[in-house]
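Accompanying notes for the structure given below.
The values are calculated or read from the model by the stated rules, or taken from the named source; none is laboratory data. Quantities reported herein were computed from a predicted structural model and do not represent experimental measurements. Heads up, the Cβs are rebuilt from the backbone with ideal geometry, glycines too, and the neighbour counts pull from every protein chain shown.
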Amino acid sequence: MNKPLYQFFEREHCRIEELLDKATENPDRIQMEYYHLFRTGLLTHIKMEEKILFPAAQKANGNIPLPLAAKLRLDHGALTALMVVPPTPEVIKVLRYIIEKHDLAEEEPGGMYDICEALTRSQTQALLEQLANITEVRLHPANEQPYALEAAKRAVARAGYDFDAIIR
């Protein structure tokens, strides 16, 4: 079966994960140039889903919110909050954990990408063009203040994850 939107987003997941792998090849020293590319890639990917894919699918669904969208948006909030703080080993571990769970919910059979693909079948080419033309998210430097990490932990908890349990 031809699934161009699914394939587009699956390739994006692989590209983003490869950047994180390159950034963290040496756990004692994060490669910041790759981490910057990872941050930009992840946040731009979230923008693609939140601004293009999910709204198009909801509109095609009679403007009825998709059941998985609420959970995925909470994950997006957690991942975005983790992009605000410096990349410590603990933050990286939590990022990897959430990304793994999140990507599965999108990519598994019957997951969000299958649902979106089916609902927007008549718009595939237009959506792919919009996705190709999306602007990258502009980044600010990491916030090293303790309150930033505490805010990230709260966002992680809202998404249903326990930061401290993940890093144990």
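Mind listing whichever residues of region 33-45 are touching a residue at least 40 places away in the same chain (Cβ under 8 Å) and not aromatic (F, W, Y)?
Scanning region 33-45 gives H36, R39, T40, L42, L43, T44.
I52 versus (1) in contact (Cβ under 8 Å) with a residue 60 or more places away in the chain; (2) over 14 Å from I134 (Cβ atoms): which is the lone unmet condition?
Unmet for I52, out of (1) in contact (Cβ under 8 Å) with a residue 60 or more places away in the chain; (2) over 14 Å from I134 (Cβ atoms): (2).
Which ones in region 136-168 are free of Cβ contacts under 8 Å to residues at least 60 places away in the same chain, under 19 Å from L42 (Cα atoms) and part of a loop (DSSP other than H, G, I, E, B)?
R138, H140, P141, A142, N143
Is there any pair with a first residue in region 1-29 that is in contact (Cβ under 8 Å) with a residue 24 or more places away in the chain and closer than 19 Å to E100 by Cβ and a second that is surrounded by 15 or more Cβ atoms within 10 Å (Cβ to Cβ) and among the aromatic types (F, W, Y) whose Cβ atoms are under 6 Å apart and which are 6 or more apart or on different chains, and what are they?
Close Cβ pairs (under 6 Å, with a partner that is surrounded by 15 or more Cβ atoms within 10 Å (Cβ to Cβ) and among the aromatic types (F, W, Y)) amount to Y6/Y113; F9/Y113; L20/F38; A23/Y34; A23/Y35; A23/F38.
Looking at N133 and the list (1) touching a residue at least 12 places away in the same chain (Cβ under 8 Å); (2) under 24 Å from C14 (Cβ atoms), which single condition is not satisfied?
(1)
Name the residues in region 118-135 that are among the hydroxyl-bearing types (S, T, Y), in a loop (DSSP other than H, G, I, E, B) and loosely packed, with under 10 Cβ neighbours inside 10 Å, would you?
Of everything in region 118-135, just one residue is among the hydroxyl-bearing types (S, T, Y), in a loop (DSSP other than H, G, I, E, B) and loosely packed, with under 10 Cβ neighbours inside 10 Å, namely T135.
Can you name the number of the only condition in (1) among the β-branched types (V, I, T); (2) buried (at least 18 other Cβ atoms within 10 Å of the Cβ); (3) farther than 21 Å from P146 by Cα that V85 fails?
V85 satisfies every listed condition except (3).
Quickly run through region 88-105 and pick out the residues that are buried (at least 18 other Cβ atoms within 10 Å of the Cβ) and closer than 14 Å to Y161 by Cα.
V91, V94, L95, I98, I99, H102
Name the residues in region 47-81 that are crowded, with 18+ Cβ neighbours inside 10 Å, among the small types (G, A, S) and under 30 Å from Y35 (Cα atoms), would you?
A69, A78, A81
Residues that are of a type in the set (D, E) and either at pLDDT below 95 or over 12 Å from the mean Cα position of the chain (by Cα) (or both): find the helices (runs of 4 or more DSSP H) completely inside region 22-116 holding 1 or more of those.
32-48, 89-107
Considering every residue within region 139-150, establish whether at least one is surrounded by fewer than 16 Cβ atoms within 10 Å (Cβ to Cβ) and closer than 22 Å to K3 by Cα.
No, because not a single residue in region 139-150 is surrounded by fewer than 16 Cβ atoms within 10 Å (Cβ to Cβ) and closer than 22 Å to K3 by Cα.
Say whether the condition of being within 12 Å of the chain's Cα centre (by Cα) and farther than 24 Å from Q31 by Cβ is met by at least one residue in region 154-164.
No, the conditions are met nowhere in region 154-164.
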